[in-house]
Structure formats: C-alpha cells, structure tokens
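The values are calculated or read from the model by the stated rules, or taken from the named source; none is laboratory data. Every value quoted in this text rests on a predicted model; they were computed, and no experiment measured them. In this analysis, Cβ positions are derived from the backbone assuming ideal geometry, glycine residues included, and neighbour counts consider all displayed protein chains. With ligands, DNA and RNA removed, areas are computed over all heavy atoms of the protein, side chains included. Shrake-Rupley method; radii C 1.70, N 1.55, O 1.52, S 1.80 Å.
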Amino acid sequence: MPIKLDGRQLSLEIQERLKNDIHKGIKEGERPPSLAVIRVGDDPASGVYVKNKEKACERVGIKSLLFHLDNDVSNRDLEELLNKLNLNAEVDGILLQLPLPSQLDAQKLISKISPAKDVDGLHENNVGKLLKNESGLRSCTPAGIINLLNSQKITISGKQIVVIGRSLLVGKPIALMMVNLNGTVTITHSKTTNLKEISNKADILVVAAGKPNLIDSSFIKEGAVVIDVGIHRLKSSNNGTTQLCGDVKLEDVVSKVLAYTPVPGGVGPMTVTMLLVNTIYSWQKRCGLNSTLKDLLP
Ligand code: NAD
C-alpha cells in the first residue's frame, strides 16, 4: 500500500504543539502572538483563503487582525499601511494575500514588509537566507512539503529530485530547500522539452505547474514519491458540480508510487500550518522567548 502523506493529520499534530508553545509563552508573561492579514478587493477565492487562515489562527491562539481594502487602493496607501504594521510592536507577522489587483506591484509591496514579519517568506532577505542556507522565515508551501516528507521519514539526502515549476512561491524555494538537504535537484518548467524523460528519473517528484491532471503514470518511476502542489476546481460538464483536483492524475499513478499527497488534504493544509509556525517563530524571537520551532523551518 502506498503511503498517503496526510497534510490534515500532520497539521492537527503541529497545531497542538503550537497551542502549547503559545500557552507557555503567555505563562511567562508575554502577550499572545498576532498576525495582520491584508486582503484587497473581493476575489472570492482570496476570501476563502483568508477565512481559513483566520480560523487556523483562532484554533491555536494567534490574534488575527484583518485589513480588508478596496479593490482600487493605491500602491502608496498600501505602503503606508505596511509601514504602520512594521512599526507596530504588537504585530508579529504581516500577510499580504495574493493575487493583488493589476494596479498594485506585489513584489515591490512585499519588499516593504519588515523581513522579521514576513511570515510568507517571500521578502528578498528571507529568500536570500534560504539561498545561503541560513535560518529564517521560510516560504510556507515548500516548508510544508519538507515537513510532510520528514513526518514519514522520507529522506531527501542523496535522492534524485525533479521539481516541475519555477515560481518564486513554490518551484524555486522547494528546489533550494531540497538542495540544502543534500538532494540532487533538477528544475523543469514550461519550456522544458523532455519533461517525461526527466520526470522518470525522479525519486521524489514535486509537481507545481498549475495544470490540472498534467502528470499520469507514464511520468513516474516505479517507487517514486509524488508531491502534488496543484489545486484546481473543475466543473463537470454533465451536472455542473465542481470537483477539486491536482496537477497529478492520482488514480492513474497511485499503484506505482511509494508515497503521494492527496488533493485536497495534502500540501494545502500544511501551507496554512506553516504560516502559523512562521508567525509564532517571529513572536518568540520578538519577545525574547526560546525558539522551539526551528526543526519545522527547513
Ligand atoms: P505559477 O503559475 O506561478 O508557476 C507555474 C510554473 O509551472 C511555471 O514556472 C511554469 O513554467 C511551469 N509550468 C507550467 N506549465 C508547465 C508544463 N506543461 N510543464 C512544465 N512546467 C510547466 O504557479 P505557482 O504559484 O507555482 O502554483 C502552482 C500550482 O500550485 C497552482 O495550481 C497553484 O494553485 C497551486 N498552489 C497550491 C498551494 C497549496 O497550498 N496547495 C500553494 C501555492 C500554489
């Protein structure tokens, strides 16, 4: 039987640990951790993501502060808000929910977030620390993937890893994390000409292409570990119902693999949990508490 890398279960376990860490800090006389969440406009998907993050904060005891801004907010106004939050000693983390409306420059705005509060791990200082293999806040989705592999003692050192996708959010940081953990990593992307041949060499295949059902069993080596980052809502042509699926045709590959992540319930829940980890890591640092979460930040 292949191993299901169960992100829901692991998230519950990590969140229990986070609750205890917050409890200990409060017993030592500290305020609870807090996360500022900025949502711009009324994109329904962003609304769902923000709600999930707020609920997760509440579950573990992080105070969340929501700033819901109009769709036509300017770069200048958003920068001002970020500055205020940077200076607010009671805010440990700042999350700017992406994507942003087209008049806003996401990368420039992320650069304005204090690196110590950049709980999405996307500021160039934090990306630079990852590149240098120095400790710091880590991009949530890739950090969640490393924890899923660790939870089943799947080693990265010495393995052939293939990453499909080269985004700043997923592809590049997961490749760096795996190199830092002594994997031999190949990054592929939309201009790669022999994707199937390269994928077939992978002991661990990470798929973050954002293309529904791109990968079937012909891309997979027998006994590989397959991590599916993609998440898509597809409408059935028969009855109009929607169904979630990933970038991997799970039913086709599952008999061939050593381990896999389901969609939903694999990488997704871990992304939210790593946001909580980063926020509490930042809170502990800012309050002078012992850092208890380094093992979760690859
Ligand atoms: P992106 O669009 O920024 O990047 C996609 C990458 O895939 C690009 O580098 C592109 O070159 C590559 N690519 C596209 N088509 C390809 C093909 N046919 N062959 C090889 N490479 C190809 O997307 P992203 O932000 O990296 O996200 C990827 C997917 O993961 C999306 O479905 C997104 O919704 C999902 N995602 C899920 C989570 C989660 O928590 N589950 C988090 C982040 C992203």
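For the chain, the C-alpha radius of gyration divided by 2.2 N^0.38 Å, with N the number of residues, is 1.01.
In the structure shown, do any of Lys53/Lys211; Lys117/Lys159; Lys4/Lys211 have a Cα-Cα gap over 29 Å, and if so which? Cα-Cα > 29 Å for Lys117/Lys159; rest within.
Of the trypsin sites (Lys or Arg not before Pro) in the range 143-218, the ones in a loop by DSSP (not H, G, I, E or B) with at most 14 other beta carbons within 10 Å are Lys153, Lys191, Lys201.
Each other residue within a Cβ distance under 15 Å of Ala89 adds +1 if Lys or Arg and -1 if Asp or Glu, for a net charge of +3.
Only alpha carbons enter this Debye calculation for the range 30-72, each as an equal point scatterer, and the log10 of I(q)/I(0) it gives at q = 0.16 Å⁻¹ is -0.43. Where in the range 216-236 does the amide nitrogen come within less than 20 Å of the point 7 Å from the Cα of Lys51, taken along Cα to Cβ? Only 231-235 pass the distance filter. For the chain, set up a GNM with springs between Cα atoms under 10 Å and report which of Leu95, Leu181, Leu137 has the largest fluctuation. Evaluated over the chain, the most mobile residue of the options is Leu181. Write down the percent of antiparallel bridges among all DSSP beta bridges whose residues are both part of the chain, to the nearest 5. DSSP beta bridges in the chain are roughly 10 percent antiparallel.
Counting only Cα atoms, the size of the range 29-114 along its three principal axes is 43, 28, 18 Å, in decreasing order.
Listed by number, the DSSP H helices of the chain that run 24 Å or longer by alpha-carbon position along their axis and have mean Kyte hydropathy of at least -0.5 are 267-287.
In units of the compact-protein estimate 2.2 N^0.38 Å, the range 140-268 shows a Cα radius of gyration of 1.01. Extent of the range 118-207 along its three principal axes (Cα atoms, max minus min coordinate, largest first): 37, 31, 19 Å.
A 1.4 Å probe run over the range 144-194, with the rest of the protein chains in place, finds 47 Å² accessible per residue. A 1.4 Å probe run over the protein chains yields, for the range 29-114, 51 Å² of accessible area per residue, whole-number rounding. Taking every C-alpha pair closer than 8 Å and separated by at least 6 residues, the mean separation divided by the residue count of the chain gives a relative contact order of 22 percent.
Please compute the net charge surrounding Val253, taking Lys and Arg as +1 and Asp and Glu as -1 over other residues with Cβ under 12 Å from its Cβ. Summing Lys and Arg as +1 and Asp and Glu as -1 gives -3.
Summed over qualifying helices (DSSP H, 4 residues or more, each -39500 (n - 2.57)) and divided by its residue number, the chain shows a 222 nm mean residue ellipticity of -12000 deg cm²/dmol. Normalised by 2.2 N^0.38 Å, with N the number of residues, the alpha-carbon radius of gyration of the range 57-107 equals 1.26. Rolling a 1.4 angstrom probe over the chain with all protein chains present gives an accessible area of which 51% lies on carbon and sulfur atoms. Between Lys256 and Thr193, full extension at 0.36 nm per residue minus the direct alpha carbon distance yields a gain of 20.3 nm. Per residue, the convex hull spanned by the alpha carbons of the range 100-161 comes to 118 Å³. Restriction of the GluC sites (Glu not before Pro) in the range 19-88 to DSSP coil positions whose beta-carbon has at most 14 other beta-carbons within 10 angstrom yields Glu28.
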